[in-house]
Each structure stands twice: as C-alpha cells, then as structure tokens.
C-alpha cells in the first residue's frame, strides 16, 4: 500500500510553545479524503490530535481546514489529488486556534446573530388571512443563499476579515441578504442600519475568493455587491427625501 | 459569550504584510486595485488639460509638448492598458451587483454586462465624434 505524508500543525496550549508541524505517514487510498487520514492518525498513530468533524459528507460544515494553504472541507479533499504529497494541514486561517486544528468560532456566531437571520415583520397579518405565499421566482431570488452550511471557509479566504476582525464577513452578509431578498421579510432597514458601514458591506473590497472556496456554490461576494447597491440606493433616497422636506 | 472567558491560551496569527503574494488570486486582486492609480492619473490629466485650455493656447501647447515626451508617452500607454483592464473587469463584475427583473423575466448576466459595454462604446464614440468635428 503506497503512503503519503501529512504535515499537521500541532498547537498544545498547555505547553505554552509555538505551534509546530508534525509529520504522519498514512495509507494513500483512492477513496480516502484528508478527513479519513486524520481519523486514521487519531485511531492508530496519535490519539492526542484534535480536530472537528461530524457528517463526513459536506453537510455539517465542521471539518473545514487549510489544506496546502487553501481553505477546504477535509471530507471533500481526496488524498490522491495531493499526491505525491506532502499534504500540509493547518487550522482555518483568521481564527484563533484553541488546540491543533480546532479554532474558536464565537466571533463568527456573534456576526451571524447580528445579521438578524429571521423573518422580520412590521405587522403580522391574522391567521385567518392564511400563509405568506411566495412564487418560485421570489424563492429563486434568495434560495442559493440558504445553501450556506456555516463552514466558515469564506472567512478563511477573505483577507479583509484577516486584516480586520471587525468586518462582518461574507457568510453573515450573505445570510442577511438571504432575508433581505425574501419577499415575506420587512427587516431590510434594520439590517441596513447594522451593515451599511465600513465594517459591514462597505468593508468588502471584492476580492471574490469567498465565492471561489464555497463548497456549496453560494456566492457571498455577489450578495455583498447587491447589498451595496441597495445601500447606495437607500442613501440617495434618504438624501432626496431630506432635501424635499 | 461568557463561556469563552476562562480558556487556555489561544494561538493567534497576525496577517503578514505580504499576505497577497501567497496566491495568484490575491496577486490578481492587488494588481486590479493598483490599476486605480492609472484611473487617478487620467483624471488628474483631464483636469490639467482643462486648466491649460482655460489658460490659453500657449499653456495648452506647453502641456501637449510635455505629454509628447517619450517618457510621458510610455507612462500613458501603460496607464491606458491598466485603465482598460480596470474597466473590463469592472463591467464583467456588474452582473454580480445588479439583478434586473422585467416582470417575471430576469435579465441575463450577459445582457447586463453588454449594456455597460454598449454605453461605454456609445459615450466614447460621441466624444471621438466631437473631437473629430471640433
């Protein structure tokens, strides 16, 4: 059985030392992904290695890591595509590292909440009037943004977030846009107040890598540009309204 | 979040100043940002030409003489290339920002980008026509 070398970044906070790369030889099997290799290391070579994973099928979004410098879901990164190796595995960029390949995600979770990812209504209509109906075209306006699995790869690919942790970031802004574009929602003004600033939509410099690395083919870069356009239109409207008074 | 208050020391990596040389996509992005300098160059040049025209034929001739210098011609050729790259990538991105609906029909991305190009060529044509007949 051929093998391939994994260079895994190890960080042990109790040692107080800087992270170091540790090499592991794993079988190079055609049906193995990087996550399988990490599981092999954990089960047979070094049980102290720490990392997150769950579904192993690109749904849960928890096994994101930097593989050869690129943010990927390790459950979708086949070992053979990196042959003959070595494969360098590091924790996701731009997040504080808790241990080995495990990163701290509280900042991301807070930013998701700030996007108010729920349907906001100014007035609720009575139940007797029935449900809020939506046409397939109206659903199509935001459906792709619902595919986000919160894997945070877009944050690792975004240099703006890497340079300024205050930036709301691609997934949170795309999530806000998902609700802004929902025909049942009336919370655009609230979200615009939250995001129309330098740490929100105007912080994005359109690098575009967030959309490139997204494993679910969501286009956060596009969502942010549309959000910017809506912000600019709002600004002009407010200017005209002020002058008209 | 209070549950993260007491935790082992996190490891944080500061972003290096040359972070953008690590991937071609980032290099492309920085290059595109730098082309804004060329856009600024032509904007300043336009203002200088306007001022020279206002000041009279001698000032205009002096400015034209300066612009005809081989060094200035070289700079202008490079700046033109950079501005064209800036404009083309800008127009190609426009469908990302604009979702146009006419009733139930969504205008295709190609038509939105094409509209920008058409406006660009039309305005350039009008300016060229005004220059030729003037």
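The values are calculated or read from the model by the stated rules, or taken from the named source; none is laboratory data. These numbers come from a predicted model, not from an experiment. Ideal geometry is used to build each Cβ from the backbone, glycine not excepted, and the neighbour counts take in all protein chains shown.
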Of those in segment B:13-27 that are at the interface with chain A (Cβ under 9 Å from one of its Cβ atoms) and assigned to a helix (DSSP H, G or I), the residue farthest from residue B:78 (Cα to Cα) is B:19
Quick one: residue A:57 ticks every box in (1) within 14 Å of chain B (Cβ to nearest Cβ); (2) modelled with pLDDT under 95 bar one, so which box is it? (1)
Determine whether residue B:50 is exposed (fewer than 11 other Cβ atoms within 10 Å of the Cβ) and more than 14 Å from every other protein chain (Cβ to nearest Cβ). yes
Inside segment A:86-99, can you point out the residues that are farther than 23 Å from residue A:166 by Cβ and either within 10 Å of chain B (Cβ to nearest Cβ) or free of Cβ contacts under 8 Å to residues at least 12 places away in the same chain (or both)? A:90, A:99
Can you name every residue in segment A:163-221 that is more than 15 Å from residue A:94 (Cβ to Cβ) and touching a strand residue (DSSP E or B) at 6+ places or on another chain (Cβ under 9 Å)? A:215
Can you tell me which residue is nearest to residue A:30 (Cα to Cα) among those in segment A:68-84 that are free of Cβ contacts under 8 Å to residues at least 60 places away in the same chain and buried (at least 20 other Cβ atoms within 10 Å of the Cβ)? A:77
Hey, any hits in segment B:55-68 for a residue that's assigned to a helix (DSSP H, G or I), modelled with pLDDT under 95 and under 24 Å from the mean Cα position of the chain (by Cα)? yes
Run residue A:98 past the list (1) in contact with a helix residue (DSSP H, G or I) (Cβ under 8 Å, 6 or more places away or on another chain); (2) buried (at least 20 other Cβ atoms within 10 Å of the Cβ); (3) modelled with pLDDT of 95 or more and report the number of the one that doesn't hold. (3)
Leading residue by the ranking (farthest from the other protein chains (Cβ to nearest Cβ)) among those in segment A:6-21 that are exposed (fewer than 15 other Cβ atoms within 10 Å of the Cβ) and in contact with a strand residue (DSSP E or B) (Cβ under 7 Å, 6 or more places away or on another chain): A:21
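Results for (1) surrounded by 12 or more Cβ atoms within 10 Å (Cβ to Cβ); (2) within 14 Å of chain A (Cβ to nearest Cβ); (3) under 26 Å from residue B:111 (Cα atoms), shown as yes or no for each residue.
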site: B:29; (1), (2), (3): yes, yes, yes
site: B:42; (1), (2), (3): yes, no, no
site: B:57; (1), (2), (3): no, no, no
site: B:60; (1), (2), (3): yes, no, no
site: B:96; (1), (2), (3): yes, yes, yes
Being within 28 Å of residue A:223 (Cβ to Cβ) and surrounded by 12 or more Cβ atoms within 10 Å (Cβ to Cβ), is that true of even one residue in segment B:118-131? yes
Check residue A:72 against each of (1) within 14 Å of chain B (Cβ to nearest Cβ); (2) not in a strand (DSSP E or B) and name the one condition it does not meet. (2)
Considering only residues that are part of a loop (DSSP other than H, G, I, E, B) and touching a helix residue (DSSP H, G or I) at 6+ places or on another chain (Cβ under 9 Å), look in segment A:106-146 and name the one that is surrounded by the fewest Cβ atoms within 10 Å (Cβ to Cβ). A:118
Which residues, taken from segment A:22-49, are crowded, with 16+ Cβ neighbours inside 10 Å and assigned to a loop (DSSP other than H, G, I, E, B)? A:28, A:29, A:32, A:49
